[in-house]
1. Under 9 Å by Cβ, and 6 or more places apart or on different chains, what pairs join a residue from the range 245-273 that is modelled with pLDDT under 95 with one that is crowded, with 21+ Cβ neighbours inside 10 Å and among the acidic types (Asp, Glu)?
2. Which numbered condition in (1) of a type outside the set (Asp, Glu); (2) outside any loop (DSSP other than H, G, I, E, B); (3) modelled with pLDDT under 95 is the only one that Phe40 fails?
3. Return the residues of the range 168-195 that are in contact with a strand residue (DSSP E or B) (Cβ under 9 Å, 6 or more places away or on another chain), of a type in the set (A, V, I, L, M, F, W, C), surrounded by fewer than 24 Cβ atoms within 10 Å (Cβ to Cβ) and not in a loop (DSSP other than H, G, I, E, B); say none if nothing qualifies.
4. Could you list, ordered by first residue, the pairs with Cβ atoms under 8 Å in which the first is in the range 113-140 and within 30 Å of Gln284 (Cβ to Cβ) and the second is surrounded by fewer than 23 Cβ atoms within 10 Å (Cβ to Cβ) and basic (Lys, Arg), at least 6 apart or interchain?
5. Kindly indicate the residue of the range 171-185 that is within 15 Å of Pro152 (Cβ to Cβ) and of a type in the set (Gly, Ala, Ser) and also farthest from the chain's Cα centre (by Cα) among those meeting that condition.
6. If I ask for residues that are surrounded by 21 or more Cβ atoms within 10 Å (Cβ to Cβ), farther than 24 Å from Pro235 by Cβ and touching a Ser or Thr at 6+ places or on another chain (Cβ under 8 Å), which ones from the range 272-295 would you list?
7. Kindly indicate the residue of the range 35-87 that is farther than 22 Å from Trp296 by Cβ and among the charged types (D, E, K, R) and also surrounded by the fewest Cβ atoms within 10 Å (Cβ to Cβ) among those meeting that condition.
8. Scan the range 282-299 and report the pairs whose first residue is within 19 Å of Val120 (Cα to Cα) and touching a residue at least 60 places away in the same chain (Cβ under 8 Å) and whose second residue is in a helix (DSSP H, G or I) and of a type in the set (A, V, I, L, M), with Cβ atoms within less than 6 Å and a gap of 6+ or a chain change.
Amino acid sequence: MSLNLRRMRVLLAAMAGVSLTSLPHAQNYPNRPVRLVVPFSAGGAADVPGRILTQKLSEALGHQVVVDNRPGAGSTIGAEQVAKAPPDGYTLLMISNTHFVSAALYKKLAYDALSDYAPVTQVTSAPNVIVVHPSLPVKTVRELISLAKAKPGKIDYASSGNGSTQHLTGALFTKMAGIDMTHIPYRGSGPVTADLLGGQVTVGFPGIAGMLPHIKAGKLRALAVTSARRSPELPDLPTVAEAGVKGYDVTAWFGVTGPKDMPRDIVLRLHGELVRILKNPDVQKLLLNAGQEVAWQESPELFGDMLKVESAKWARMVKESGAQVN
């Protein structure tokens, strides 16, 4: 190779913000299927955007991107698997608030929730929703609070597992409302939905995505959304704060990361493809129909900054809620 050509390659690499040694990664990636680990059960709030995005990402990358559901222990099972995976871009993680809730709840994790991951981008945000089985004689948040006060500890609420966002959402609600309900942890959102529909448990705080069909069919009764503003999919439904629990605000989000030390050019490739996908009006409509709004950062670094803020925020919320792994 001539000296001038070598200098040109170095200059181009510097302009692209990547090292010379990382250039072959972008040229060859991907050359086999990519796995997106979703640390929740199939059919849940994280699974929906995961499957929509992997279909489009497969088309963009020219190789199949598959969802690998690894539920359990507040998303820590799937998160640990990705943290220990080779940083080659072929194992990715669908990350969420739960990632940092679990980091605050579980004292001995085999990974660091921040430093062991390479941020790519946020993809969606969505509120949770308080739902009850129609057999429970309440139609509003105030009525639920009154019933719980009349029957302390007698009303169960389900969550997708200890340390999940659903767990924290419920624990924070009970504390701020001054009530006592019994937490019943499940292994993922799918089993929660099944038992809510069957009436085995009567209250839940699931992601809105999987609940819309059941709410619209009258199989579950929605009382309020957990975010600070109303959901465009359920515009007539009040927020928890509007319904009487002032200051209450829990909003879920989802994003994509990989193991730390993933080559920067692969991170940039994935970021660019995902942002292009999220800007597609058809994709936005699909996600909105599933109860989620698209959200992205203009760079992986900005997503990394967001994750630092979220880590501190959810650690504080876990402490304030009094939630514990039981």
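The values are calculated or read from the model by the stated rules, or taken from the named source; none is laboratory data. Quick caveat, the model's predicted, so the values are computed rather than measured. Here the Cβ positions follow ideal geometry from the backbone for every residue, glycine too, while neighbour counts run over all protein chains shown.
1. Trp253/Glu310
2. The single condition Phe40 does not satisfy is (2).
3. Result: Ala171, Ile184.
4. Within 8 Å, the pairs are Leu114/Lys308; Tyr117/Lys260; Ala118/Lys260; Val131/Arg221.
5. Within the range 171-185, the match that is farthest from the chain's Cα centre (by Cα) is Gly178.
6. Of everything in the range 272-295, just one residue is surrounded by 21 or more Cβ atoms within 10 Å (Cβ to Cβ), farther than 24 Å from Pro235 by Cβ and touching a Ser or Thr at 6+ places or on another chain (Cβ under 8 Å), namely Leu274.
7. Looking at the filtered set, the residue picked out is Lys84.
8. Val283/Ile277; Val294/Leu278; Val294/Leu287; Trp296/Val275; Trp296/Leu278
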